[in-house]
Amino acid sequence: MNAYTARVLEELKTRNAHESEFLQAATEILESLSPVFDKRPELEAAGLLERFVEPERVILFRVPWVDDQGKTRVNRGYRVQFNSAIGPYKGGLRLHPSVNLSILKFLGFEQVLKNSLTGLPIGGGKGGSDFDPKGKSDREVMAFCQSFMTELYRHIGQDTDVPAGDIGTGAREIGYLYGQYKRLTGLYEGVLTGKGLTYGGSLARTQATGYGLCYFVKNMVEANGKTVQGKTVLVSGSGNVAIYAVEKITQMGAKVVAMSDSNGYIYDPNGIHLDVVKQIKEVERGRIKEYAARVPGSEYHEGCKGIWSLKCDIALPCATQNELDAEGAKALVANGCFAVGEGANMPSTLEATELFLQNGVLFAPGKAANAGGVAVSALEMSQNSQRLSWTFQEVDDKLKDIMKGIFDKCAEAAATYGDKPTNYVVGANVAGFLKVADAMMAQGVV
Ligand code: NDP
């Protein structure tokens, strides 16, 4: 590793010793960027990397709300405004009990590069809370969202920071958050994306991350002389990203045989019936286990990591960070899996990623492969500013072009800076970084 990159990484480890997820993401990113600093010493002279790894601002706040029993509850709210060199901060709000500053800093850091890769004018941020919407009534979720926005509203706006959904934040939560923002500010503006279609949302936003992942994977696989059609696929998770990845990859002629949630996974050798999954997860907010009781010939297994022991050609981890470790990666490699596309953010551990790269598995890193969601969010911002709504087809066509553009940028940067031309990890990190670095250099020491 270049001496400058190594020094900044060491300092980062000392200053943020307890932030394991943030350091994991930073290690991968800084290792990839090392050859850039070899070629461009002026970046070191400007202290570019020291500034790049530090969020511009972190907002941390109390979120008090009253539950259905009349008891006062207190959660912790966050917004990490990481980098605004190329546009307003943009990134989702995660509602999950595991949320902490380390996780939001890793997500915000990845988001900076991801948003840059889309080619659209959006900076990077991330936020959320340790609130768990699971098992809460609609009224409780609304009370939480209103309280959360009562602090957040003063830090966001259509030209400053535009949050969106993420784990635990779907259409219902975005609706409550938007209503409270409008009530507090009196502004009808595109301050959140992932909105409902009746109040400024974009067609195809719901599908965008999952569809975009499949477009990226198809580009990657075909560029390497292979096809998606006829292949057997595993998709972990059963939330927004997973469901629409299954829908699109099936339309492309592949067969998905397994999905999961945090309790376990289902295996259906005949191919997943997505209508049943949608009914359970989107309508009933139930558990994936119920699928096995409804579809003859399918099985349910406790323990979500077991999904990686199944035989497949393509694996799409679409649940959460670090869900795919070295053991899972070894099993996938041994079973002949030839491509992995990350729908989730950092689902593969550093060891798993290394195993894929060493064994010649085509590996699409999340910050490139799942960028379709934020790209369509940026298209939602454009439609809001223009007071227009585009058709599903228009948005989907733009999404396809954007994902092709992202793949091409990753491939080009991998060819220039990577140890091999298929190292899309290096490709994504370098291509995303260069645009942000050039903008930061142009804007002086800020
Ligand atoms: P959802 O909340 O809709 O779904 C998350 C899914 O993952 C749920 O089925 C959840 O199950 C499952 N899950 C959580 N932990 C595990 C685990 N350890 N093993 C297996 N399954 C698990 O979230 P999204 O689909 O929106 O997000 C999924 C990932 O994609 C996240 O990493 C997110 O950051 C990323 N992403 C999302 C985008 C979007 O547009 N939504 C855009 C880009 C990235 P359970 O119900 O049991 O918790």
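V233 falls short on exactly one of the conditions (1) assigned to a helix (DSSP H, G or I); (2) touching a helix residue (DSSP H, G or I) at 6+ places or on another chain (Cβ under 6 Å); (3) more than 14 Å from the ligand (Cβ to nearest atom); (4) in contact (Cβ under 8 Å) with a residue 24 or more places away in the chain, and that condition is (1).
Taking first residues from the range 199-221 that are on the phi > 0 side of the Ramachandran plot and more than 12 Å from the ligand (Cβ to nearest atom) and partners that are among the polar types (S, T, N, Q) and part of a helix (DSSP H, G or I), the Cβ contacts under 6 Å between residues at least 6 apart in sequence or on separate chains come to G200/N384. Screening Q81, Q111 for residues that are surrounded by 24 or more Cβ atoms within 10 Å (Cβ to Cβ), farther than 19 Å from Y178 by Cβ and in contact (Cβ under 8 Å) with a residue 60 or more places away in the chain leaves exactly one candidate, Q111. Restricting attention to the range 290-308, the residues that are more than 12 Å from the ligand (Cβ to nearest atom), of a type outside the set (D, E, K, R) and surrounded by fewer than 16 Cβ atoms within 10 Å (Cβ to Cβ) total 3. None of G92, G135 is out of contact with any Phe, Trp or Tyr (no Cβ under 9 Å at 6 or more places or on another chain) and surrounded by fewer than 15 Cβ atoms within 10 Å (Cβ to Cβ) except G135. For R15, the conditions (1) surrounded by 18 or more Cβ atoms within 10 Å (Cβ to Cβ); (2) under 20 Å from F106 (Cβ atoms) all hold with the exception of (1). Scanning the range 343-368 for residues that are within 16 Å of the ligand (Cβ to nearest atom), outside any helix (DSSP H, G or I), touching a residue at least 60 places away in the same chain (Cβ under 8 Å) and surrounded by 22 or more Cβ atoms within 10 Å (Cβ to Cβ) gives G343, A344, N345, M346, P347, A364, P365.
Contact annotation: residue pairs with Cβ atoms under 7 Å, 6 or more positions apart or on different chains, pairing a residue in the range 128-139 that is under 24 Å from K105 (Cα atoms) with a partner that is assigned to a loop (DSSP other than H, G, I, E, B), are G128/V99; S129/V99; D130/P97; D130/V99; D132/H96; D132/P97; P133/G168. Screening M252 with (1) of a type outside the set (G, A, S); (2) modelled with pLDDT of 95 or more; (3) out of contact with any helix residue (DSSP H, G or I) (no Cβ under 9 Å at 6 or more places or on another chain) gives one miss only, at (3). Taken over the range 152-175, residues that are within 16 Å of the ligand (Cβ to nearest atom) and not charged (D, E, K, R) amount to 11.
Among the conditions (1) away from the ligand (no atom under 15 Å from the Cβ); (2) of a type in the set (D, E, K, R); (3) in a helix (DSSP H, G or I), E327 misses just one, which is (1). Checking G135, G201 one by one, the residue that is part of a loop (DSSP other than H, G, I, E, B) and under 22 Å from the mean Cα position of the chain (by Cα) is G201 and no other.
The values are calculated or read from the model by the stated rules, or taken from the named source; none is laboratory data. Computed from a prediction, not measured in an experiment: that's the story for all the values here. Because the Cβ atoms are built from the backbone with ideal geometry, glycine has one as well, and the counts that use them run over all protein chains shown.
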